[in-house]
Amino acid sequence: MKKICVIGSLNMDLVVNVDEMPKKGQTLIGSQFKEVPGGKGANQAVAMARLNGNVSMIGKVGNDGFGQTLVNALKKDNVNTDYIKVEEGPSGVALITVDKNAENSIVVAPGANFRVLREDIDKCIDGIKESDIVVVQLETPLDTIKYALQESKKLGKYTILNPAPAVKLDDDIIKNVDLLTPNETELEILSGLKIENEDDIIKAAEIMIQKGVKQLIVTLGSKGSLYIDKDNIKFKKSYKVDALDTTAAGDSYTGALAVAFSQDKDIEEAMDFASRVGALCVMKEGAQTSLPTIQDVLNFRG
């Protein structure tokens, strides 16, 4: 099995449940409150580990009360935390509101995540060297992401970018991405093309391929996912389940893809595996608390 290195964020998710999302200036009384380890990078690393992936993580936490809890959560799931450093100051925090329809609204205070710098990639370069697949997201500084992708490609690694939270990216980042895993909104922002239908998705994907991306898998929520490269287009229908909370659904999907590729599954097998994982994820609440194990996936009938 190939090894995976995740470079990204660790956040403590502070989650409150409400009936409806608050309007501007409105105060609501929520029902439940939970502290759940999260952060896109950590979520993806845990998702991989629970699916029997061999995964290490590069990132930073603060020296506050949340930092050690976040690292311990990764260790509990057998993620290699040798490359996670402690920084003076606060850890990353995400404020998450979840409504009765399982939709969420998230505000992130990056904390230590935004102090992951180029020199930290250099100090942790063995984590990349020892891996075959490198996975990044956009909750750490863009300059660091650009450098990490550049160094990963120099070392001959297969790179996956989950472009969330969505921002416009320069071509020096895009050209070093083998697989891009955006949702429709993220693809619209990246490509600059308004997306209203499947033809628009394909046109937007072609723009990204022209910029250097080798493959895209566009997640379409409950509709499924679409694979696009310069020669092929493949659609995978989603599994229908009763969604409770969509937090970490995208992270679970990207994590599952990485594990599938580490096991040399073909694209159709990988998309089906990731769809199963995503379906299981939305059936539970929270970020890492919702991520399924490989046994859950094997037992899932869909």
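At-a-glance table
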read-out	value
Sequence-distant aspartates and glutamates (8 or more away, or on other chains) whose Cα lies within less than 14 Å of K2	E130, D132, D264
Contact order normalised by residue count of the stretch 218-279, Cα under 8 Å, 6+ apart, percent	32
Helix-only CD estimate at 222 nm, as mean residue ellipticity for the chain, using -39500 (n - 2.57) per DSSP H run (n ≥ 4)	-10500 deg cm²/dmol
Net charge over other residues, Cβ less than 9 angstrom from the Cβ of L244 (K, R count +1; D, E count -1)	-2
Cα-projected label distance for R301 with K230, points at 7 Å along beta-carbon direction, nm	4.5
Three-way shape label, the chain, alpha-carbon gyration tensor, a/c 1.5	rounded
Within the chain, percent of DSSP bridges classed antiparallel, to nearest 5	40
Size of electric dipole in the chain: Cβ of Lys, Arg +1 and of Asp, Glu -1, about Cα centre, debye, nearest 20	320
D19-E269 pseudo-label distance in nm [points 7 Å out on the Cα-to-Cβ vector]	4.9
Pairs beyond 23 Å (Cα-Cα), from K157/K214; K194/K230; K123/K146; K157/K234; K157/K223	K157/K234; K157/K223
Of A279, N162, F261, farthest towards positive along the dipole that unit charges on Lys, Arg, Asp, Glu beta carbons give the chain	F261
Positive-end residue, the chain charge dipole about Cα centroid, Cβ charges, pick of A47, Y147, M1	M1
Relative contact order of the stretch 147-277, defined on C-alpha pairs under 8 angstrom at six or more residues apart (%)	17
Pairwise label distance in nanometres, K203 with E88, each label 7 Å out on the Cα-Cβ vector	5.3
Length-normalised contact order of the chain in % [C-alpha pairs under 8 Å, at least 6 apart]	18
The stretch 56-170 - charge dipole about Cα centre, Lys and Arg +1 at Cβ, Asp and Glu -1, debye rounded to 20	180
Fluctuation leader among K157, K60, K123 - the chain, Gaussian network, Cα springs under 10 angstrom	K123
Proximal charge balance of N162 [Cβ under 9 Å; K/R count +1, D/E count -1]	-1
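Rule-based calculations on the coordinates, nothing more; no lab input. If you're wondering where the values come from, they're calculated on a predicted model, not measured in any experiment. Reconstructed Cβ throughout: ideal geometry from the backbone, glycine too, with neighbour counts over all protein chains shown.
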